[in-house]
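Report on one structure; see the data block that follows.
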Amino acid sequence: MSSTPSTSSGGALPRLEGRTVVVSGASSGIGAAAARRFAAAGATVVPLGRDPQRTGALAAELGVEPVLADFTRLDDVRRAASEVLERCERIDVLANNAGGTFPQRTTTVDGHEKTFQVNHLATFLLTALLRERLEATPGARVITTSSRANSFGRVDLDDLDSTAGAYRSFKVYGTTKLENVLFTRELSRRIGGTATASCFHPGVVGTAFGADSPLFRVLYSPPLSRVLTITAEEGAAPLLALATRPDPETVDGAYLDRFAPGRPNRQADDVALARGLWERSAAMVGVPA
């Protein structure tokens, strides 16, 4: 990856032949837009998504096979990771883009609050299962889609499943996006020297994201959407830039607000909290800490 990509949504990427990019949340939105751009630049793209029809259609468009996984089921994540490892001798970029927000507290089949599992725990597990392959690939990068909403979150290691008090969906969502930042920083510390880890806020993207949430439905629908949101292609631009920049070490462990250094929640700077979240997440999904 020898040249600097344009930061605009339509700018040319460097050629990526010989590179393998795994994109979760590839059914639609940012994930699908990024997958198309990576493939157009010559990368081998592995689209990982929940919806069989949409993920399958994207895979067919790119001339590859999809990997299906519903992040509300951790066994799906384990199976998907096995498929990726069987298929990919190298992983140059893992784009952790899957996510969602839900209006009521719902418990998954694994016993976890749904937003926490989809936005953090499943991503943690997927990365953990692919970590050895990532570390064996020179210059590998783990890039996670966070959100400016992390500012409204608060991580309580004793209540990661949000069982205490009233359930407030936006606060829970913000907490999981803060967990993405903490995860990125702890991952950077643990894989330093072999791979890099970064996360970013993509902007307010006008996609089907948050379709189950009344608040997000209002924000993401006309007329507000025409004023407040950007396209999926524009939202994917920071991911593409992080995946192809020639100096990934300068953003290792960083949270970017689109292309610039962001100012996340103060808890993001708590090294002990990041370590504690990592250890508790590992115990929850049954992988070594």
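The values are calculated or read from the model by the stated rules, or taken from the named source; none is laboratory data. Just so it is clear, the model here is predicted, and its values are computed rather than measured. Quick reminder, even Gly has a Cβ in these numbers, built from the backbone with ideal geometry, and neighbours come from all protein chains shown. Ligands, DNA and RNA are excluded from the accessible area calculation, which covers all protein heavy atoms including side chains. Shrake-Rupley method; radii C 1.70, N 1.55, O 1.52, S 1.80 Å.
Out of Gly99, Gly139, which single residue is open to solvent by 20 Å² or more (accessible area, probe 1.4 Å), within 21 Å of Trp278 (Cβ to Cβ) and not acidic (Asp, Glu)? When all the criteria are applied, what remains is Gly99. Checking each residue in segment 252-274 for being buried (at least 18 other Cβ atoms within 10 Å of the Cβ) and among the aliphatic types (A, V, I, L, M) picks out Ala254, Leu256, Ala268, Leu273, Ala274. As a summary of the residue check, Leu125 satisfies the conditions (1) assigned to a helix (DSSP H, G or I); (2) open to solvent by 10 Å² or more (accessible area, probe 1.4 Å); (3) touching a residue at least 60 places away in the same chain (Cβ under 8 Å) except for the one numbered (2).
When segment 167-183 is limited to residues that are open to solvent by 30 Å² or more (accessible area, probe 1.4 Å) and without any contact (Cβ under 8 Å) to a residue 60 or more places away in the chain, the one that is farthest from Val142 (Cα to Cα) turns out to be Arg168.
Conditions tested, residue by residue: (1) closer than 24 Å to Arg245 by Cα; (2) open to solvent by 10 Å² or more (accessible area, probe 1.4 Å); (3) in contact with a Cys (Cβ under 9 Å, 6 or more places away or on another chain).
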{"residue": "Arg131", "(1), (2), (3)": "yes, yes, no"}
{"residue": "Ser147", "(1), (2), (3)": "yes, yes, no"}
{"residue": "Gly165", "(1), (2), (3)": "no, yes, no"}
{"residue": "Arg185", "(1), (2), (3)": "yes, yes, yes"}
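So that you can scan it fast, the table gives a plain yes or no per residue for (1) more than 27 Å from Thr196 (Cα to Cα); (2) within 16 Å of the chain's Cα centre (by Cα); (3) modelled with pLDDT under 95:
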| residue | (1), (2), (3) |
| --- | --- |
| Arg73 | yes, no, no |
| Arg78 | no, no, no |
| Ala81 | no, yes, no |
| Glu86 | no, no, no |
| Asp92 | no, yes, no |
| Thr101 | yes, yes, yes |
| Thr107 | yes, no, no |
| His112 | yes, no, no |
| His120 | no, yes, no |
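Listed by first and then second residue, the pairs with beta-carbon distance under 6 Å, at least 6 apart or on different chains, first residue in segment 54-76 and under 15 Å from Asn97 (Cα atoms), second open to solvent by 60 Å² or more (accessible area, probe 1.4 Å), are Leu68/Pro52; Asp70/Arg50.
Scanning segment 233-251 for residues that are open to solvent by 30 Å² or more (accessible area, probe 1.4 Å) and among the polar types (S, T, N, Q) gives a single hit, Thr250. Looking at this structure, is Ser213 more than 29 Å from Glu135 (Cβ to Cβ), modelled with pLDDT of 95 or more and open to solvent by less than 40 Å² (accessible area, probe 1.4 Å)? Considered against the rule, which asks whether it is more than 29 Å from Glu135 (Cβ to Cβ), modelled with pLDDT of 95 or more and open to solvent by less than 40 Å² (accessible area, probe 1.4 Å), Ser213 comes out as no. May I ask you to verify whether Asp110 is part of a loop (DSSP other than H, G, I, E, B), surrounded by fewer than 21 Cβ atoms within 10 Å (Cβ to Cβ) and in contact with a helix residue (DSSP H, G or I) (Cβ under 7 Å, 6 or more places away or on another chain)? Yes: the conditions hold for Asp110. With the structure loaded, tell me whether Thr101 is in a loop (DSSP other than H, G, I, E, B), in contact (Cβ under 8 Å) with a residue 40 or more places away in the chain and more than 25 Å from Asp161 (Cα to Cα) or whether it fails that test. Taking the combined requirement at face value, the residue does not satisfy it.
Restricted to segment 18-87, the set of helices (runs of 4 or more DSSP H) holding at least 1 residues that are β-branched (Val, Ile, Thr) and open to solvent by less than 10 Å² (accessible area, probe 1.4 Å) comprises 52-62, 74-87. Only residues that are within 25 Å of Gly235 (Cβ to Cβ), out of contact with any Ser or Thr (no Cβ under 8 Å at 6 or more places or on another chain) and assigned to a loop (DSSP other than H, G, I, E, B) were counted in segment 140-167, giving 1.
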